[in-house]
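This report refers to the structure that appears directly beneath it.
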Amino acid sequence: MLTIQTRGLYYKAVNRRIRESLSRGEKEIVLKDVLGQRYIAGGVRGDARFTVHGTPGQDLGAFMNGPEVMIYGNAQDGTGNTMNAGRIVVHGKAGEIPGHSMRGGTILIRDDVEYRAGIHMKEYLDQVPLLVIGGTAKDYCGEYMAGGRIVILNRENRRESPVGGFLGTGIHGGTIYVRGLVEDWQLGPGAVVAGMDGEDRESLERVVEEFCREFRMDQTQYSLKDFTKIMKKSKRPFGKLYTPAMNLKTEKPRHFNLTPPCEAACPSGIPTPVFLNLIKEGKVREAQEFMDEYTPFRMSVCGGVCPALCMQSCSRNALDGPVEIQRLARDYYPDFNPAPPKEMRKEKVAVIGAGPAGLSAAWQLARRGFDVHVYDRMKDPGGKVKNAIPRERLPGEALERDIARIHSLPITFHMDSTIDAGMFSKIQSESDALLVAAGAGKTKRINYPGGERIGSGLDFLMSINGGNAPDLSGQSVAVIGAGNVGMDIACEAWRLGAAEVTALDIQKPLAFGKELELATKLGTKLLWPRMIDHLDETTIYFSDGSMLKADRVYFSIGEAPEASFLPESVYRDERGYVATAEDSFQTTNRTIFVCGDIRSPGLITDAVGQGRLAAMEMAAMLDGKEFVFPRTVPVEKKRIQTVCFEAEKNEPDRCMSCGTCILCDTCIDHCPQGALSRNGALFTVDPERCTMCYTCVSVCPRGAMQPDYISGVTEGEGRVLVEAQKVAEVE
């Protein structure tokens, strides 16, 4: 249990201490002398428990998802704002809007609350939020309520009504229970008093029991017959307000681009429609230079070993199959090296790790003119991409083409360098910023009895690529772990002469795509669920009494990072991964950044994307600027008018440019009022002519004309993709 003395601490400092403590694995946190610090437990997930002594500030537990918060004192406004799951208990009063937009979980407040308690509460599937108010509530309790339950216990049993006016105004879901008198004049529009049934009584009985147990009160003082039930008037309480003759839209439509599905699915964040639109315009070199903004691994990763999440998300799947993005990455591979930086900078940046994450970051930093030094224990750069992926899936020449382009930049490589604590300290002292992209190279193991003979699947793959492949002729091979790496091990075992290969797992295998297809085609058997009990020199024995003969056994249940060289100022979580904020790559030591598998396990393309963003954050820090994590707002697939796309044959032309305007003027041609006009890439909507009929929204083939209610997007946030070079910069 950790105790934090908050007296005199600014709320940001308190919340930073909380996040750091949680990242280290703390589960119980006590906050002493709290006085107005906001956002305590905000956005926290999992099973943490907070004990708060004092009066927390606004939005306690906002967006919380799982923890328990005990407050010994009063709470201010917005308690449990938009919380998703968990439990908040207030041993006192609460201010305005407790439970605002609450989506799940429970809030128990011992005493009174102020105005608009439970406003916009909602429920989803089996998530039914509960707000219990032990005392009274003022006006507009349950306003615009869409789901969940509000219970007002009136524990002092006041004769006057325990609620104010406008109770349940605009209610269209959920239920309010009030212990005491509720007059008709107190009900808001859309709310009515309803009869109680058996389900209501059972529910209330459980609520009262929980409340009294928590606050050590006598449950017998609450008689269920004293409660009044308030709910919505009908299935459509406001149906009469809507008529076909009324135009309920109040905002003119807007023109801007949203994130296409392929880009949203790509961990490297590559906006493929920009690349392909430039090719369609005949600007091939500009398209190739644009891709340099995102990745140096176009042949080996984009065009090779990536599972092509972009193609899986392609809207064209609804018509005739996805655009062949992987093939296009190879077909339009540049025959020139990237342009060198216009000027060199004096800042020295170190990158530890020459795998996909480290090389991606070095590529970006070198292109910006920094003095980049890369360190790695291997003799050649490439990391797992070079040393662990079978050559059948990734030919060596493909990776070498990418590596050669990286080498063309002014990057200093220090290969065959083992990094220990002393070496790390020396590198850090010589660098203005340091990125750790050392990956996760330590094979995870389970200590089964007799399991000493189980080898590392990663070491097995690396030995093959290093020219030291074992001879498996006629042998039976078992792979523990049936993910994609397990399938690579299986395929290599077959190639080395294995007579039988079996992949085992305790759950449904996670392998998918080309790796699974190839392994099963070769004859790999998948057994699951299988719990291993023990092994001897020839056999694996399972807990269900069955067994499997295996001459060779390899682990493939993931890898853990080896970060013992890092200083104590860099926090790691309970699994050994280096902890950072969600939208940052900066560690608890502000000059040290991390990316790739040492931060969180993922695909190779995850590592490439993280390397790029980490480099951009480092550059922003060295420039004294704020780093803004790039935001994606995916276009809704229902906005894509697939009927407009059928006859395209040329592969780049098959891209529908989802969410991305190509200035086709369909919206202008179809506007019945002539309210739309365009000057270059700038669209204008005449407010005098526009009737908000949204015809332009309906006819836009790509979803680039947006309705006024599009979630979370403001005017000007869209990107004009014809100005392709600007897209690469994170503002």
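The values are calculated or read from the model by the stated rules, or taken from the named source; none is laboratory data. Note that the coordinates shown come from a computational prediction; the quantities given were computed from them, not determined experimentally. We place every Cβ from the backbone using ideal geometry, glycine too, and count neighbours over all the protein chains shown. Surface areas here come from the heavy atoms of the whole protein model, side chains and all, with no ligands, DNA or RNA. Shrake-Rupley method; radii C 1.70, N 1.55, O 1.52, S 1.80 Å.
Selection over the stretch 21-49 of residues that are closer than 19 Å to ARG599 by Cα, open to solvent by less than 40 Å² (accessible area, probe 1.4 Å) and either at pLDDT 95 or above or not in a loop (DSSP other than H, G, I, E, B) (or both) gives a count of 2. The condition (being touching an Asp or Glu at 6+ places or on another chain (Cβ under 8 Å), surrounded by fewer than 23 Cβ atoms within 10 Å (Cβ to Cβ) and on the phi > 0 side of the Ramachandran plot) is satisfied by just one residue among GLY497, GLY513, GLY467, GLY474: GLY497.
Within the span defined as the stretch 54-74, one or more residues are closer than 20 Å to LYS122 by Cβ, among the acidic types (Asp, Glu) and open to solvent by 20 Å² or more (accessible area, probe 1.4 Å). For beta carbons closer than 8 Å, sequence separation of 6+ or different chains, a first residue in the stretch 427-454 that is under 22 Å from LEU504 (Cα atoms) and modelled with pLDDT of 95 or more and a second that is of a type in the set (Lys, Arg) and not in a strand (DSSP E or B), the qualifying pairs are ILE454/ARG445. ALA146 meets the conditions (1) within 34 Å of the chain's Cα centre (by Cα); (2) open to solvent by less than 20 Å² (accessible area, probe 1.4 Å); (3) of a type in the set (Gly, Ala, Ser) in every case but one. The failed one is (2). Taking each residue of the stretch 271-288 that is within 16 Å of CYS314 (Cβ to Cβ) and looking for partners that are assigned to a loop (DSSP other than H, G, I, E, B) and of a type in the set (Gly, Ala, Ser) with beta-carbon atoms closer than 7 Å, six or more apart or interchain, yields PRO273/SER657; ASN277/SER657.
Conditions (1) at pLDDT 85 or above; (2) in contact with a Phe, Trp or Tyr (Cβ under 8 Å, 6 or more places away or on another chain); (3) of a type in the set (Phe, Trp, Tyr); (4) open to solvent by less than 50 Å² (accessible area, probe 1.4 Å), marked per residue:
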site: ASP686; (1), (2), (3), (4): yes, no, no, no
site: CYS693; (1), (2), (3), (4): no, no, no, no
site: GLU717; (1), (2), (3), (4): no, yes, no, no
site: VAL722; (1), (2), (3), (4): no, no, no, no
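The single residue among GLU626, GLU617 that is closer than 24 Å to ASP432 by Cβ, acidic (Asp, Glu), within 23 Å of the chain's Cα centre (by Cα) and part of a helix (DSSP H, G or I) turns out to be GLU617.
Of all the residues in the stretch 525-538, those that are free of Cβ contacts under 8 Å to residues at least 40 places away in the same chain and either surrounded by 13 or more Cβ atoms within 10 Å (Cβ to Cβ) or closer than 29 Å to ARG393 by Cβ (or both) number 4. The set of residues in the stretch 261-312 that are touching a Ser or Thr at 6+ places or on another chain (Cβ under 8 Å) and β-branched (Val, Ile, Thr) comprises ILE270, VAL274, THR295, VAL301. On inspection, ASP77 fails the criterion of being over 18 Å from VAL207 (Cα atoms), at pLDDT below 95, open to solvent by 40 Å² or more (accessible area, probe 1.4 Å) and in a loop (DSSP other than H, G, I, E, B).
Filtered by the rule that a residue be of a type in the set (Val, Ile, Thr) and touching a His at 6+ places or on another chain (Cβ under 8 Å), the stretch 347-379 gives VAL349, VAL351, VAL374. Evaluation of ASP653 against the conditions (1) open to solvent by 20 Å² or more (accessible area, probe 1.4 Å); (2) assigned to a helix (DSSP H, G or I); (3) over 20 Å from VAL274 (Cα atoms) shows that the sole unmet condition is (3).
The single condition among (1) open to solvent by 20 Å² or more (accessible area, probe 1.4 Å); (2) over 35 Å from the mean Cα position of the chain (by Cα); (3) modelled with pLDDT of 95 or more that MET196 does not meet is (3).
Can you tell me which residue is surrounded by the fewest Cβ atoms within 10 Å (Cβ to Cβ) among those in the stretch 166-193 that are under 26 Å from HIS91 (Cα atoms) and out of contact with any strand residue (DSSP E or B) (no Cβ under 7 Å at 6 or more places or on another chain)? Checked the stretch 166-193; the qualifying residue surrounded by the fewest Cβ atoms within 10 Å (Cβ to Cβ) is LEU181. Suppose the filter is of a type in the set (A, V, I, L, M), modelled with pLDDT under 95, touching a helix residue (DSSP H, G or I) at 6+ places or on another chain (Cβ under 9 Å) and open to solvent by 50 Å² or more (accessible area, probe 1.4 Å); does LEU2 pass it? No; evaluated as a whole, the condition is false for this residue. If you check THR642, THR605, THR591 for being crowded, with 22+ Cβ neighbours inside 10 Å and of a type in the set (S, T, N, Q), only one passes: THR605. Please work out which residue is nearest to ILE29 (Cα to Cα), limiting yourself to the stretch 89-102 and to residues that are buried (at least 23 other Cβ atoms within 10 Å of the Cβ) and either touching a Pro at 6+ places or on another chain (Cβ under 9 Å) or in contact (Cβ under 8 Å) with a residue 60 or more places away in the chain (or both). Checking each candidate, the answer is VAL90. Residues that are acidic (Asp, Glu) and open to solvent by 10 Å² or more (accessible area, probe 1.4 Å) number at least 1 in the following helices (runs of 4 or more DSSP H) confined to the stretch 341-455: 396-407. Among the residues of the stretch 540-562, the ones that are surrounded by 13 or more Cβ atoms within 10 Å (Cβ to Cβ) and either under 14 Å from ILE446 (Cα atoms) or modelled with pLDDT of 95 or more (or both) come to 16 in all.
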